[in-house]
Amino acid sequence: MRTVTVVGASLSGLYAARELRAQGFDGRLVIVGDERHRPYDRPPLSKDFLTGRADEEQLALTDAEETAELDAEWLLGTRARGLDARGRTVLLDGGRTVSTDGVVIATGASARRLPGDGLAGVHTLRTLDDARALREELGRGPQRIVVIGGGFIGAETASSCAGLGHTVTVVEAAPLPLVPQLGAEMAAVCAALHRRGGVDLVTGIGVAGLRGTVTVTGVELADGRVLPADIVIVGIGALPNTAWLAGSALTLHDGVLCDDGCVTALPQVVAVGDVARVGGSRAEHWTSATEQPRVAVANLLAGRTTQTARPLPYFWSDQYGARIQFAGRRRDGDNVRIAEGELADGAPAEGGFLALYERDGRTTAVLSVNRPRPFMRVRRELAREESRVVPAAL
Amino acid sequence: MIPVCRLEDLPEGESVRIETTPPIAVFRTEDGELYAIDDTCTHQDASLSEGWLEGCLVECPLHAASFDLRTGLPTCLPARRAVRTHRVTVDDGTVHVHLAAEEGTAA
């Protein structure tokens, strides 16, 4: 391969570029990014960046030295518009094209929008520009904030806003937030963190619409209630950025379909990160975005799938002074046992806790609140167990 | 020079965090060696004293960045910057940390 184009200049795109060089690719490396920023770390955007504890330079994922070593052509502030049927030409904004021998698709996902979210005061939180805009508004003194969606982004943002002294309400359409991720029992425990943080949590009711003409004034719920708001933050999930691939030979279905080795329908096109549906599942986790590129790049350079990537799912969230960490593959019906620490009034007690999800006498997953050390031990055991069990089952 | 704990209170394979500014993590490896480094991962806010100790390497509990206790250098991403290392001595059975900055000014 003489030219490889990485489409997407965020975490997984950067990791793919690093892997290409680390695995010996010495040809022309082109990195296309729709944002004008150099790669930055998104997780702090809803936390330390929003509260002002971290600044932009602390978000940078690369430095000048590494950038020089990568020896790549960076096309930032440039959106990819298409990939030809053979996967040999990437079409860019303004009709420019890049001829390429290999492609790494790392275009990520975009925040889901709500109808009418063009009103002033309505925000999503996905990009640095989003976070800058929200941070600026939050700096204008105490305000009434409604966060739509009680997932991780919503909860972390609500926590940050409450910490800055704003009055915050979280609206969640499901009876409880985070049930698909944590199961009902532990989702209830984590939901209790909102209350402890002084945030109202309204659940089991959808949003009918946003009120306001130029600037948002409130959120109307499905039962007619209106929650007054100066700022509304929409945190209702993300959609994979695949629109630019319409008309390519790739199969798109809630992401770019790949085999277990991140390889698409075309052997010289691989996909990584939030946009990739690898072996049937799409994970919007930081860990997947950093672990998939090694395998994807190896397969790209080999011209076929020689390695597979099925890392143990792992994610974390910092909210209301609690560090939540989860790893493993839980299923509904798993028994949940508090193995260390305890709950107090349905919420994590002072010293946090460690919960094990179990099925047929085996641990399937682990959840920790402020217990990083035992969590890490179980997470490693789960990963080791899985690497032992999977090949034996084949 | 900061007293940390009695040597027998820091078993092999364990670590302890001292609440200096910035905090410092002291490790005793399975081989019995003592090392001290800045406790906060250079990637993001996480305590390395709660990390996974294997040989002379400690893995961050949040994002699996790994640091060499002997040099403070990261051995893998996502960390790119080294943590400071500090000299450790045992005097009359008490573990002491000698802050890197203090050593510099003394010289």
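The values are calculated or read from the model by the stated rules, or taken from the named source; none is laboratory data. Note that this is a predicted model, so its numbers are computed, not measured. Every residue, glycine as well, gets a Cβ built from its backbone with ideal geometry; the counts of neighbours run over all protein chains shown.
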#### Entry: Condition met for A:G341 (modelled with pLDDT under 95 and not hydrophobic (A, V, I, L, M, F, W, C))
no
### Task
Select, from A:V270, A:V219, the only residue that is among the β-branched types (V, I, T), out of contact with any Cys (no Cβ under 7 Å at 6 or more places or on another chain) and in a strand (DSSP E or B).
A:V219
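So, A:E57, is that one within 14 Å of another protein chain (Cβ to nearest Cβ), in contact with a helix residue (DSSP H, G or I) (Cβ under 8 Å, 6 or more places away or on another chain) and among the acidic types (D, E) or not?
Details: within 14 Å of another protein chain (Cβ to nearest Cβ): yes; in contact with a helix residue (DSSP H, G or I) (Cβ under 8 Å, 6 or more places away or on another chain): no; among the acidic types (D, E): yes.
Criteria not met by A:E57.
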### Task
Considering only the range A:346-360, state which residues are of a type outside the set (A, V, I, L, M, F, W, C), touching a strand residue (DSSP E or B) at 6+ places or on another chain (Cβ under 9 Å) and either surrounded by 14 or more Cβ atoms within 10 Å (Cβ to Cβ) or over 17 Å from A:Q325 (Cβ atoms) (or both).
A:P348, A:E350, A:G352, A:Y357, A:E358, A:R359
### Query
Which of the residues belonging to the range B:45-70 are without any contact (Cβ under 8 Å) to a residue 24 or more places away in the chain, within 12 Å of chain A (Cβ to nearest Cβ) and either farther than 23 Å from B:I2 by Cα or of a type in the set (K, R) (or both)?
B:D45, B:W52, B:E54, B:E59, B:C60, B:P61, B:L62, B:H63, B:A64
### Query
Which condition number in (1) closer than 27 Å to A:D41 by Cα; (2) surrounded by fewer than 20 Cβ atoms within 10 Å (Cβ to Cβ); (3) away from chain B (no Cβ under 13 Å) is the one that A:R377 fails?
(3)
### Query
Looking at (1) within 11 Å of another protein chain (Cβ to nearest Cβ); (2) in a loop (DSSP other than H, G, I, E, B); (3) touching a strand residue (DSSP E or B) at 6+ places or on another chain (Cβ under 8 Å), which is the only condition B:T20 fails?
(1)
### Message
Exactly one condition in (1) within 14 Å of chain B (Cβ to nearest Cβ); (2) in a helix (DSSP H, G or I) is false for A:E386; which is it?
### Response
(1)
### Summary
(1) of a type in the set (K, R); (2) out of contact with any Phe, Trp or Tyr (no Cβ under 7 Å at 6 or more places or on another chain); (3) outside any loop (DSSP other than H, G, I, E, B) all hold for A:R310 apart from (3)
### Query
Out of curiosity, is A:G183 at positive phi, part of a helix (DSSP H, G or I) and out of contact with any helix residue (DSSP H, G or I) (no Cβ under 9 Å at 6 or more places or on another chain)?
yes
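Pick from B:T85, B:T75: which is under 26 Å from A:S288 (Cβ atoms), away from chain A (no Cβ under 12 Å), of a type in the set (S, T, Y) and touching a strand residue (DSSP E or B) at 6+ places or on another chain (Cβ under 7 Å)?
B:T75
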